[in-house]
């Protein structure tokens, strides 16, 4: 067993937020720590300085052979695939390689609620944290949501709860990671620049319940074809944990939460079995049917840990959209501007377009992640009034939009200006890129902030 303490000589691979957090934690526990990254050292100067200030040693990939014989464990950052040259070199020396969430799990004394899916992970993770806090529980939230999970688990107790957003990349490197509640929201095409097929991508997601046992809970989406196939009446189920299912349809034989007469309705898993209307969909402060699903998943996680329906109803009403996720920015001359910059795959754009009854001027594009835009093209033709395309994938998205009026923009400021030219009162200008941001921006957050700044400049000009 890896101890991650003074008995350990660890190598941290990848020096983003998670990697640097692992360096700090391992050094604080007395481990000897080396760190490496495949980026050019000129780009790594701040990270190397952080590594050295923690008392660790930076080793370039070219010099890794000089220390690999001393390494007893390696921690892989989420953005670094197991197939990377450094990871392969370490594995060739029979050094066990795990990810940051595995390290966090092994050091965590509190039960974990883990959330994954192609879209909606961050909203659902934040919502679960909010619900549990409003029900009086002590909660930490971390993971792929923006703050490394390792930073949230070190001082928790068995009476606390940890809610973790986990990506398929992070799930690739688990060994014993075992959430008390595993939430699987949906599986749609994404990251196909990393995975060879949808089946391979789905299997990475399915690892979220791989180590669960009978005393744990699995929350799944019956409306998702791939996830629904995990449900079984006979034979050996894929997950050994207790299954809780949600659906947007009326009551399903196996659904624990479903829609009935406009109410999110819960079939209690303990006590009185009579269905309970938890909240009307009109009282959910988040746009779109996909967010109704996110609320259902969050409610099931909260019910699994013993929360009360009445408290949960009021808690949902006080939740607010997360930054850059269908976040209203302003209404100018009757036109609503919405920042959905965290939309980084085509499926999330489709959901965003369906979230509004207004005619939409869509701003989309960026760096493709290997997915196609066929389904997105259909949604654009059905739901959009006009399209403004940006970034490397602009031409490909425009090709699928076909008859929809389409213009190209070379900057976010130009995109907002061109959207403004065609927008009329009652429309929505929706930034929902469906692509990664790195062709034009530092991050999805930076992309969203640039959009917000452009809209605010527009508001000042309009005197709104």
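The condition of being modelled with pLDDT of 90 or more and within 26 Å of the chain's Cα centre (by Cα) holds for only one of 267, 287, 255, 310, that being 255. Mind checking whether some residue in segment 227-249 is part of a helix (DSSP H, G or I) and surrounded by 14 or more Cβ atoms within 10 Å (Cβ to Cβ)? Within segment 227-249 (the criterion being part of a helix (DSSP H, G or I) and surrounded by 14 or more Cβ atoms within 10 Å (Cβ to Cβ)), the answer is yes, since at least one residue qualifies.
Evaluate segment 53-67: report whether one residue or more is under 19 Å from residue 174 (Cβ atoms) and within 30 Å of the chain's Cα centre (by Cα). No, that holds for no residue. The helices (runs of 4 or more DSSP H) located wholly in segment 334-418 that include 3 or more residues which are under 30 Å from residue 285 (Cα atoms) and in contact (Cβ under 8 Å) with a residue 24 or more places away in the chain occupy 346-354, 374-383.
For segment 273-289, the set of residues classified as surrounded by fewer than 14 Cβ atoms within 10 Å (Cβ to Cβ) and part of a loop (DSSP other than H, G, I, E, B) consists of 273, 274, 285, listed by residue number.
If the requirement is being more than 29 Å from residue 183 (Cα to Cα) and crowded, with 24+ Cβ neighbours inside 10 Å, which of these qualifies: 299, 326, 387? It would help to see each step written out before you state the result.
On the way: 299 fails: more than 29 Å from residue 183 (Cα to Cα); 326 fails: more than 29 Å from residue 183 (Cα to Cα).
Of the residues listed, the single one that is more than 29 Å from residue 183 (Cα to Cα) and crowded, with 24+ Cβ neighbours inside 10 Å is 387.
The values are calculated or read from the model by the stated rules, or taken from the named source; none is laboratory data. All values derive from a computational prediction rather than experimental measurement. FYI the Cβ positions are ideal-geometry reconstructions off the backbone, even for glycines, and counts take in every protein chain you see.
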